[in-house]
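Undergrad: Pasting a structure here, questions to come.
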Amino acid sequence: MEPAIKLKPGVSKWDIRQKVWDYMEENDLANFPRPVHRRIPNFKGAYGACNKITHLDSFTKTREVKVDPDKPLEGVRLATLQARKTLLVPTPRLRTGLFNKIVPPPGASKEILRVCSTAQGVKDFSVPVGLDARVHVDLVVVGSVAVSDKGWRIGKGEGFADLEYAMMVSMGAVDENTVVVTTVHDCQLLDIPEELMDDHDLTVDYILTPTKVIKTDCKRSKPQGIIWSKVDSEMMEKMPILKSLRFREKKVGKDVTLKDERLAVKQELPGLSHSRKWSGKDGSSTQIKANPTEMTKNSEGSEEQIESGCKMQPSVPSRVTAVYMGNIPHSLRVSELKNILRDHNALPLRLNWQGAQHRAFLDYKDEVTAEDAVTSLAGLSISGSAIRVELAKSQRGNRSRSQTTEKTSKQPLI
């Protein structure tokens, strides 16, 4: 059967998300909450798709099931509770831990179990599960924006499902026998190019739709643990559990250098002979020769990366080259732009977001890298707007304060 949504060569993950969201809205294929944009769509027929999980041997044999909190997965959560299995649900945005266990009241009726499966029930009937708890998850159920019959999965772009699985690997809660399932509408089945998949992307073993059950026979390895080089200081601050996991892995000798720490070392100026020790809040320390960076936002909505911690000048080499992005839709968020840049392998050293003017400036380490980014982003379209991408007229580091339209104040974004 041909996919309902056709993909053109060179498509990005962000393009795929937009196509799925637009198609589902245009064809009225989703229930509340609407619109489906920036969400895991609560597709029509979700409960029927969820009920198919009871026919899987992996569900029948399992004792503990981890199910994402997305609305379209309510049916899976209900089926898990009705089967008297242990239901684990990730904490919202991983702010307070990895997951909670849903504990219905003794003798709970079918209606009470239905309440426990909802978002409110997850809040009212859950208890936190600590990192030291002996948990082994045999079955993981995640939501998706798009998926292929080969097992490639695309989420809404925030990476929580991928990170949750990697964290479970780190704490020993999953292994190579753990089965991953997703539920989607049939229109969300696409021919996703394998080259879009990265090492940290979670693949799926089964796909449940309102009309079918697909066994993917995916041979690609699932995440083998947290890839610390993809974690930055901002994520560490927002998700304290990462600090605990990082401390544990550091103790056993694993490389836990963060993304911005690696970047700082790479930006070391030629001839810079002195270094200093950077201490994290988790008690770890790393010898670095430049400063990690963090995101900041000013009162007028401008966002950029600046030095954090000790002051060592200059923090950015003078060869840094800026790229201009114009005609950015007003509705686009900074996090979404970063996801788009990541999908196109065009993440900058620093991002200056000027949403009110529908533009942004991206700083790259040198002119070659900047030109590569321009080439990679050529022809980019976001929400129907053709994005203008070109080298900026002058390097960001040489622009005077009078040349910029917004004054920045160093206030933490997080």
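Every number here is computed from the coordinates shown, using simple stated rules; none is lab data. As the structure is a prediction and not an experimental result, all values here were calculated from the model. Neighbour counts are summed over all protein chains in view; Cβ atoms, including those assigned to glycine, are modelled from backbone coordinates with ideal geometry.
Undergrad: Can you tell me the FRET efficiency between Glu371 and Gln224 if r is taken as the Cβ-Cβ distance and R0 is 30 Å, rounded to the nearest 0.05?
TA: Efficiency computed from Cβ-Cβ geometry: 0.30.
Undergrad: Right, another one. Can you compute the FRET efficiency between Lys110 and Lys243 using 1/(1 + (r/R0)^6), with r the Cβ-Cβ distance and R0 = 30 Å? Round to the nearest 0.05.
TA: It comes to 0.15.
Undergrad: Calculate one ³J(HN,Hα) per residue across the stretch 60-73 by plugging θ = phi - 60° into the Karplus curve 6.51 cos²θ - 1.76 cosθ + 1.60, and present them in order as whole Hz with x for glycine and proline.
TA: Coupling constants for the stretch 60-73: 4, 8, 7, 10, 10, 10, 9, 10, 5, x, 4, 4, x, 9 Hz.
Undergrad: Which semi-axes, in whole Å and largest first, does the equivalent ellipsoid of the stretch 341-396 have when worked out from the alpha carbon gyration tensor as the square roots of 5 times its eigenvalues?
TA: Whole-Å semi-axes of the equivalent ellipsoid: 17, 14, 10.
Undergrad: Using modelled backbone amide H atoms (1.01 Å from N, in-plane), which distant-in-sequence or interchain residues come within less than 5 Å of Arg359's amide H?
TA: It is Ile328, Gln354, by chain and number.
Undergrad: Can you work out the Karplus-derived ³J(HN,Hα) for every residue in the stretch 355-364? Use 6.51 cos²θ - 1.76 cosθ + 1.60 with θ = phi - 60°, whole Hz, and x for glycine or proline.
TA: Result, rounded to whole Hz: x, 4, 9, 6, 8, 8, 10, 10, 9, 10.
Undergrad: If you don't mind, there's one more thing I want to ask. May I ask you to compute the full-extension gain from Val213 to Glu195, defined as 0.36 nm times their residue separation minus their alpha-carbon distance, rounded to one decimal in nm?
TA: Separation in residues times 0.36 nm, less the Cα-Cα distance, equals 4.0 nm.
Undergrad: Check which residues have an amide H placed less than 5 Å from Arg350's amide H, if you skip close sequence neighbours.
TA: Asp363
Undergrad: On to the next question. Determine the alpha carbon to alpha carbon distance for each of Lys44/Lys156; Lys13/Lys215; Lys44/Lys238; Lys219/Lys251; Lys6/Lys123; Lys19/Lys101 and list only those over 28 Å.
TA: Result: Lys44/Lys238; Lys219/Lys251; Lys6/Lys123; Lys19/Lys101 exceed 28 Å.
Undergrad: If you don't mind, another one. Give the value in nm², to one decimal: projected area of the alpha carbon convex hull of the stretch 177-217, averaged over all directions.
TA: 3.4
Undergrad: Something else about it: Eigenvalues of the Cα gyration tensor times 5, then square-rooted: what semi-axes does that give for the stretch 13-215, in whole angstrom, largest first?
TA: Ellipsoid semi-axes (Å, largest first): 25, 20, 16.
Undergrad: Shape verdict for the stretch 1-118, please, from the Cα gyration tensor: rounded (a/c under 1.5), prolate (a/b greater than b/c) or oblate.
TA: Prolate.
Undergrad: Give the long-range amide H neighbours of Val141: residues separated by 5 or more places, or on another chain, with amide H under 5 Å away, using H modelled in the peptide plane at 1.01 Å from N.
TA: For Val141, whose amide H was placed from the backbone, the distant partners under 5 Å are Lys66, Val67, Asp68, Val181.
Undergrad: How far, in nm, would the chain grow between Tyr324 and Lys251 when pulled straight, counting 0.36 nm per residue and subtracting the alpha carbon separation?
TA: So the chain would gain 22.0 nm between Tyr324 and Lys251.
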